[in-house]
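What follows draws every value from the coordinates through simple rules; no lab data is involved. On a predicted model such as this, the values are computed, not experimentally measured, just so you know. Don't worry about glycine lacking a Cβ; one is built from the backbone with ideal geometry, like all the others, and counts go over all protein chains shown.
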Amino acid sequence: EAQVTQNPRYLITVTGKKLTVTCSQNMNHEYMSWYRQDPGLGLRQIYYSMNVEVTDKGDVPEGYKVSRKEKRNFPLILESPSPNQTSLYFCASSPTGAKQPQHFGDGTRLSIL
Amino acid sequence: AQSVTQLGSHVSVSEGALVLLRCNYSSSVPPYLFWYVQYPNQGLQLLLKYTSAATLVKGINGFEAEFKKSETSFHLTKPSAHMSDAAEYFCAVASFGNEKLTFGTGTRLTIIP
């Protein structure tokens, strides 16, 4: 089954404690992306990747890092999380870019105290 | 930079009534436009996409959208609402020149029995 898998689905943590949210897709897609969803703000793109070792900033990259060492994986790293990063996060992928439909994961709800 | 405006953060319609969700975009070149739906506690699913092949686009679950360049609009409609249509709907735009995907702030659709 074609899918984008995010882990964990839920996480409560404290300010400053580094965390990683993993994202993996099994569709051999080149394009992967991270979004955060906040009430009243919709989804905002954090980072995207066109292929292995190629990443670029979205609209809200501050406080986040990503890496793309393998085609199937695109982890989101919060090195020093802060309460304003409490949000619902989605990973998505598509065959070659933003102009194609995105396939979304089920989301990761992060609470940073 | 491209942007998307969704008028009405909440829309309520009676079961069987017309659904109209509004989306206006700003882009200097013909955009790629999408409508996604998010059911409670789930990721986003593609409803339909516009890619310049036709101005009236049909999607899943009886939804359709019409691209109007003169009005820079891509409104989503469904002739007869069903209880299962209750969800949040997002319009999104991707443009030439970069691989960013920009979402609107979303419209929550409530169906009144």
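Answer rounded, prolate or oblate for region A:4-45, using the Cα gyration tensor with square roots of eigenvalues a ≥ b ≥ c: rounded when a/c is under 1.5, else prolate when a/b is larger than b/c, else oblate. In terms of gyration-tensor shape, oblate.
First check a/c for chain B, with a ≥ b ≥ c the square roots of the eigenvalues of its C-alpha gyration tensor; if it is under 1.5, answer rounded, and if not, answer prolate when a/b is larger than b/c or oblate otherwise. Provide the component values of the computation, followed by the final result.
Details: a/c = 1.96, a/b = 1.65, b/c = 1.19.
Taking the square roots of the gyration eigenvalues as a ≥ b ≥ c, chain B is prolate.
Among A:S80, A:S49, A:S94, which one shows the highest mean-square fluctuation when chain A is modelled as a Gaussian network with alpha-carbon springs under 10 Å? For chain A, modelled as a Gaussian network with Cα springs under 10 Å, the answer is A:S80. The order of A:M32, A:M50, B:M83, A:M27, going from fewest to most other C-beta atoms within 10 Å of their C-beta, is B:M83, A:M27, A:M50, A:M32.
For the options B:K49, B:K78, B:K69, a Gaussian network treatment of chain B with springs between C-alpha atoms closer than 10 Å singles out B:K69 as fluctuating the most. Remark: A:V52, A:V14 ranked as A:V14, A:V52, counting other beta-carbon atoms within 10 Å and listing the fewest first. Once backbone amide H atoms are built at 1.01 Å from N, A:G97 has A:Y31 as its partners under 5 Å, excluding neighbours fewer than 5 places away on the same chain. When the Gaussian network model of chain A links Cα atoms closer than 10 Å, the mean-square fluctuations of A:P39, A:P83, A:P61 top out at A:P39.
What does the C-alpha gyration tensor say about the overall shape of the protein assembly as shown? Classify as rounded when a/c is under 1.5, otherwise prolate if a/b is larger than b/c, or oblate. Verdict is prolate for the protein assembly as shown. Each part gets one Cα centre, and for region A:90-113 versus region B:18-91 those centres are 19 Å apart.
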